[in-house]
1. Binning at 5 angstrom from zero up to the longest distance, how are the C-alpha pair distances of the range B:3-92 distributed in percent?
2. So, by mean Cβ neighbours within 10 angstrom, what's the order for B:33-44, A:34-45 with the highest one leading?
3. Which order do the peptides A:48-55, A:148-155, A:136-143 take when ranked by the mean count of other beta-carbon atoms within 10 Å per residue, highest first?
4. May I ask you to order B:141-148, A:235-242 by the average number of other C-beta atoms within 10 Å around their residues, highest value first?
5. Along Cα→Cβ, 7 Å out, is where each label goes; now give me the distance between the ones at B:Ala168 and A:Ala81 in nm to one decimal.
6. Partner chain Cβ atoms within 10 Å, averaged over the residues of B:172-178 - can you pull that number for me?
7. Need one value for B:129-142: mean number of C-beta atoms belonging to other chains within 10 Å of its residues' C-beta atoms.
Amino acid sequence: MSRCLRYRNAVICDHIAAQYVAGAMSPRVRSRTQTLIKTTPELDRAIARYADDFSVIHQRLPEPTFESSRHNAIWDSIDKATADQTTAISPKESSAGFWDALLVWKVTTGMGALASLVLAFMLFVAVPEPTQIGPSYLANMSAHNDPQNTIQFVISAYGANQGNPSRLHVQWSQEFADKKVPDFHVWAEDKDTGELSYIGSKPPKGTNWDMTKPIWKKVANSSRLLVTADDQRPTAQNTLFSGICLQLKSWKPKQA
Amino acid sequence: MTDNNWSTEVDALLYQIQSQDKLALKKLYDLTAQKLLGLIIRIVNDRHEAEDILQEVFVKIWQQSNHYSGSGSAWGWVCVMSRNSAIDRLRRLKNRAHESTDEAPELLNQLLEDISHEDSFTQNHWIGRCLETLKPQPRQAIVLSYVNGYSHGELSEKMAVPLGTVKAWIRRGLQELKQCLVA
């Protein structure tokens, strides 16, 4: 079993999550686990489950006295520390930033040249794959606050194919068919940055909707889809459903 | 405010912080700082250090809120971050022996009793009932590890049992806890 798949095994995930949350890991193992969390949604969910189960303990233990003067003084320090991060950089930092940027461009140029060579090789040597018919991505959507994660509907993403644009398709579970939400809005959470991007609103008629190339890329790079009641950024109040995005096929930029 | 409302408010505030909403950070601080200070003090047993760690945790929340995936509750995520920060600080202070607050066993028993007799049947409260089903020593090892941040080695010394025994208690205890939670 590959390393990646091994960490997606439910039993292994569960064991790691329990040890991580119970604080039974050495710093090195904990650091490794934190890296794995970013790339393994199964582990992320397992840790979240344990963290939720255990965190109720801290909710109930007696709280220490916290004088308002100390409370306010610590907040002032937090306020200052977080404000400092958005203030203008000094000339010295600015200079360092220029050389750092130059280094980035050097690396980018090198990588670009390498990517061109690889692309040329693939164009001349690689054999085209057969046309894709099934979905490329799938997200099982459950109510946002449902601890059981009962799947109510599925959002499938299909890549562009034979002149047709890429599209999303919504399929409600038979069990929840009578609870369909007629209008909703979809957001994609970037798997690397966690940034939320607006995908669009479900068309009033039908269950399919077409995507532009930039929107397709956002879906392809997402770790999770969220469904909101309005077009405002997802919050605990307006988020109706959420679901982890599963990649079923390798992503190709030429799609869409 | 009920536990569920409180937890929902923490979730909502963290989502707002993801949009760099400073007012939401202040509200989250007002809402959770005292509980988090308690969590941290139980591990480092030093008020001054604990307040410093609390400040560090809120700066991390501001910087890393986008790492919160929404898989679990925001409170669970903040607790894990606070525990890790406290344990890291403790390990950096290598020359100081680990002297956690070690509240009396009666306090922990009271806690378990409070949680297990909750009227609410939300999943979070099953932890108390499940902890009660564990044998006393594994339960003590798990709670001391989680609440007071003891490492396996420190627990071995404190409970005067071999390291392997502590590891087995915690491993089996967590397995039983898991089976109970999903039952």
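Values in this text are rule-based calculations from the coordinates and carry no lab data. On a predicted model such as this, the values are computed, not experimentally measured, just so you know. Cβ placement follows ideal geometry from the backbone for every residue including glycine, while neighbour counts extend to all protein chains displayed.
1. Result returned by the calculation: 3, 15, 28, 25, 17, 10, 3, 0.
2. Numbers: B:33-44: 23.5, A:34-45: 17.8.
Descending mean neighbour count gives B:33-44, A:34-45.
3. Ranked from most to least packed, the peptides come out as A:48-55, A:136-143, A:148-155.
4. Working: B:141-148: 23.2, A:235-242: 19.1.
The densest-packed peptide leads the list: B:141-148, A:235-242.
5. 4.3
6. On the way: counts 0, 2, 9, 3, 0, 5, 8.
That average works out to 4.
7. Values: counts 0, 1, 3, 0, 0, 0, 0, 0, 0, 0, 0, 0, 2, 5.
Counting Cβ atoms of other protein chains within 10 Å of each residue's Cβ and averaging gives 1.
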